[in-house]
Structure formats: C-alpha cells, structure tokens
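The values are calculated or read from the model by the stated rules, or taken from the named source; none is laboratory data. Because the structure is predicted, anything quoted here is derived from the model rather than measured. We place every Cβ from the backbone using ideal geometry, glycine too, and count neighbours over all the protein chains shown.
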C-alpha cells in the first residue's frame, strides 16, 4: 500500500490557484497531481468545500489524473458576495466553471458534480455546451430545484434540516450542520473528519444558503441532450436525494453507466472510496479512449 505522501511526491505537490469568475468573483481552486495529467474537475455540494474530496486526493487517482477542486462561490476560501442574484442566476455558476477551464487551460476535462453542484454542471452544459468536456459524472446529483418534481425526488433530510442551515444564531446553525453530517453517511464519520466538516459547513453564511435555495429550475431538457460519456452514482441509503432521481437521470441519458452503492448514504466518494476511486478511474480511462 502506498501512503498519500508518497503519491503526492511522485505525482507533484498540490497547487492552489485563485481564479476570477466572469462576474468578478474570486474563486480558490485546489489542484492535485501532475500538471500534464488528464484533468478531472470535482465540484462539491451545498455548504461543503474542495476538502470534501479528500479521499480522492490521497488515492492512486493522482498518479494518473489531475484532480482539480474549486471552492464554489459562497463556500470555503472563495468570495461570498452578498447579492442574492450571485447565486440564483445560472450564468454566474456556468461562468465560474468556464473561467476555471480557461484559466488552467484544461483540455476536455471530465466534470464530476456532487449533490447541489449537479445544478452547476447543468448550468454549464446549458450555457456553454458539452463540446469542451470529455465526460460527465453525476454523484448523488441534484438537477432540479424549486419544483414539484424536484420535491418529489428529494429525501426528507434536507428539508428537515433547512431551519438550522438558514439560522442566523450561531448555536442553532452549528446544530443544524451537525445534524446534517450525522445523516450524510450511512456509517459513522471519524471524529477528525467530522469536525473538519462542521467547520467548513458552518463558515458558509446563512444568506448564501438561503439564496442558493431560491432557484427554480428543471434541467431534464439539458440532460436529455447529453452525448458525453456519463457516469451516475448514488447511495441506496441517501436521505438527501432519492435513488429515483439517479434512475430518472439514467432514463434521460440512456447510454450512461449507473452505479448504485448498497448501504451507502449521500457521499459515496467518502463512504465507499475504494469502489468509487476504482470506478472513477475506469470511467475516466473510457472517456480518454473515446476521445482518441
């Protein structure tokens, strides 16, 4: 077994970039692996950050691929603009991904989106098109919000915990973040990771969370036009988004590979990293083979 330090030394140390989105928002991006390796963009979920993908950074994936993970606007070390429209207008999210690809000069990266950032991926696909991507990954991904169909495919967890996420009172807010984390995975999160997650969840301002939830959008039309290689992943114990949503995505994209993880919650890449990393590597290799 190779330790993460050895992997990092062979593949190249992590780099951190600051990128300006198309509306001027400053984004902080972590970049793991060799600069000339095939690029994978990993985008995190609601009130999370680039550190969500830590079990990928320390894996053998970095020996073959370049793992690029932004702190999305409003999250982590990136800017947190106050205007509601900074989070409700799809062109801004799409522009962030486009700016990242342009600034880092990425050639046909694979875009992997978890949870809320499924909406971000769809924003990019709707406004920038799919020709610049090499593949698409939807991991417990949300593609619709603010509609009856979106509510029907959402689990009860998110709505049950919303008052805590939106609370201005710090004690209530942290309690809401902790309640979410206790239900994020089917198994228990180790203490070191748990408190790290509490930290990066709590620093996302309630106003950002509130604005992100004010969107109303359905992306079935976008997904039904996807011709990219696509990988759909979902845990069968996900309490945030129903497995039915992953199955719906697979019906919209008939050529997609669908992976259901038994006994796994909303974060398969964290809870079942060995399987996830193996399948992600195989998917990325197929994308590369199809591109040649």
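When the stretch 253-268 is filtered for residues that are under 22 Å from residue 108 (Cβ atoms) and not in a loop (DSSP other than H, G, I, E, B), only 257 remains. Here residue 224 meets the list (1) modelled with pLDDT of 95 or more; (2) over 30 Å from residue 85 (Cα atoms); (3) out of contact with any strand residue (DSSP E or B) (no Cβ under 9 Å at 6 or more places or on another chain) almost entirely, failing just condition (2). The residues of the stretch 69-97 that are surrounded by fewer than 19 Cβ atoms within 10 Å (Cβ to Cβ) and assigned to a helix (DSSP H, G or I), listed by number, are 85, 88, 90, 91.
Has the stretch 42-51 got any residue that is surrounded by fewer than 23 Cβ atoms within 10 Å (Cβ to Cβ), at pLDDT 95 or above and not in a strand (DSSP E or B)?
Step one: filter the stretch 42-51 for residues surrounded by fewer than 23 Cβ atoms within 10 Å (Cβ to Cβ), giving 51.
Narrowing further to those that are at pLDDT 95 or above: 51.
Still in the running and not in a strand (DSSP E or B): 51.
Checked against the condition, which is being surrounded by fewer than 23 Cβ atoms within 10 Å (Cβ to Cβ), at pLDDT 95 or above and not in a strand (DSSP E or B), the stretch 42-51 yields at least one hit.
For residue 246, the test of being modelled with pLDDT of 95 or more, surrounded by fewer than 23 Cβ atoms within 10 Å (Cβ to Cβ) and assigned to a helix (DSSP H, G or I) is failed.
Report those helices (runs of 4 or more DSSP H) wholly inside the stretch 110-206 carrying at least 1 residues which are within 19 Å of the chain's Cα centre (by Cα), modelled with pLDDT of 95 or more and farther than 25 Å from residue 55 by Cα. So that I can check it myself, show each step before the final result.
Details: elements: 117-128, 148-152, 156-166, 170-184, 191-202.
By residue number, 117-128.
Scanning for something farther than 26 Å from residue 289 by Cβ and in contact with a helix residue (DSSP H, G or I) (Cβ under 6 Å, 6 or more places away or on another chain), does the stretch 149-159 turn up at least one residue?
Yes: the stretch 149-159 contains one or more residues that are farther than 26 Å from residue 289 by Cβ and in contact with a helix residue (DSSP H, G or I) (Cβ under 6 Å, 6 or more places away or on another chain).
Taking the conditions (1) farther than 23 Å from residue 165 by Cα; (2) under 19 Å from the mean Cα position of the chain (by Cα) in turn, residue 290 satisfies each one other than (2). Select from the stretch 233-248 the residues that are out of contact with any helix residue (DSSP H, G or I) (no Cβ under 6 Å at 6 or more places or on another chain) and touching a residue at least 40 places away in the same chain (Cβ under 8 Å) and write down the one among them that is farthest from residue 219 (Cα to Cα). Residue satisfying both the conditions and the ranking: 237.
For the stretch 196-207, does any single residue satisfy the condition of being more than 30 Å from residue 169 (Cβ to Cβ) and out of contact with any helix residue (DSSP H, G or I) (no Cβ under 9 Å at 6 or more places or on another chain)? Full working, then the answer.
Keep residues of the stretch 196-207 that are more than 30 Å from residue 169 (Cβ to Cβ), which gives none.
Looking for residues that are more than 30 Å from residue 169 (Cβ to Cβ) and out of contact with any helix residue (DSSP H, G or I) (no Cβ under 9 Å at 6 or more places or on another chain), one finds none in the stretch 196-207, hence no.
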